[in-house]
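A short worksheet on the structure shown next.
The values are calculated or read from the model by the stated rules, or taken from the named source; none is laboratory data. For clarity, every value in this text was computed on a predicted model and none was experimentally measured. Heads up, the Cβs are rebuilt from the backbone with ideal geometry, glycines too, and the neighbour counts pull from every protein chain shown. Heads up: the accessible areas ignore ligands, DNA and RNA and are worked out on the full protein's heavy atoms, side chains in. Shrake-Rupley method; radii C 1.70, N 1.55, O 1.52, S 1.80 Å.
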Amino acid sequence: MKVAEALALRADAARRVDQLKARIVANARYQEGEEPSENAATLLAEAGTTLDHLEELIRRINRTNAAATIGPDGTLSDALARRDTLRLRHSVVTAAADAAAGKNTGYQRQLRSELKMLSALRVSALRAQSDALSREIREIDVRIQRANWEVDLLD
């Protein structure tokens, strides 16, 4: 099995746990004289089994990510850490550019006599940095996705 397949199974298992949780909560109590629509104990047992499967998938994915080398990015884990950090950096730079440009302030100058707001940051430089970060995120994401379809999942 490839890492990408395991990731899809992990996502399915996580969704299944969420669905089972909602069904358990909906059937954990019922009114006297009526029957719940589903057996909460059975659902709870099924959730436990699904969580055990999810844990095993996560362990195998993490083990594989730590061992699989994908070139200059290092291991898959290294590449994932880099991508996550790039996304956070992009978010900070974009927020700074938006704030410096006066977006989302909730207040607009009404009169000429009011104080003028000045930008403490160069918006154009921040936008260029944001674009460069976006490109780097896309590039590393492609390398990660390629590795996910090429690397076999470890036991």
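The lone criterion from (1) open to solvent by 90 Å² or more (accessible area, probe 1.4 Å); (2) touching a helix residue (DSSP H, G or I) at 6+ places or on another chain (Cβ under 7 Å) left unmet by ARG60 is number (1). Within region 64-80, the set of residues being surrounded by 14 or more Cβ atoms within 10 Å (Cβ to Cβ), part of a helix (DSSP H, G or I) and modelled with pLDDT of 95 or more comprises THR64, ASN65, LEU76, SER77, ASP78, ALA79, LEU80. On the given criteria, is ARG29 touching a Ser or Thr at 6+ places or on another chain (Cβ under 8 Å) and either at pLDDT below 95 or assigned to a helix (DSSP H, G or I) (or both)? So ARG29 does not fit the description; no.
For LEU54, the conditions (1) assigned to a helix (DSSP H, G or I); (2) touching a residue at least 12 places away in the same chain (Cβ under 8 Å); (3) over 30 Å from ALA128 (Cβ atoms); (4) over 18 Å from the mean Cα position of the chain (by Cα) all hold with the exception of (4).
Within region 23-51, the set of residues being under 22 Å from the mean Cα position of the chain (by Cα) and open to solvent by 60 Å² or more (accessible area, probe 1.4 Å) comprises just one member, LEU51. Residue pairs whose Cβ atoms lie under 6 Å apart, separated by 6 or more positions or on different chains, with the first residue in region 132-155 and small (Gly, Ala, Ser) and the second at pLDDT below 95, are ALA147/ILE70.
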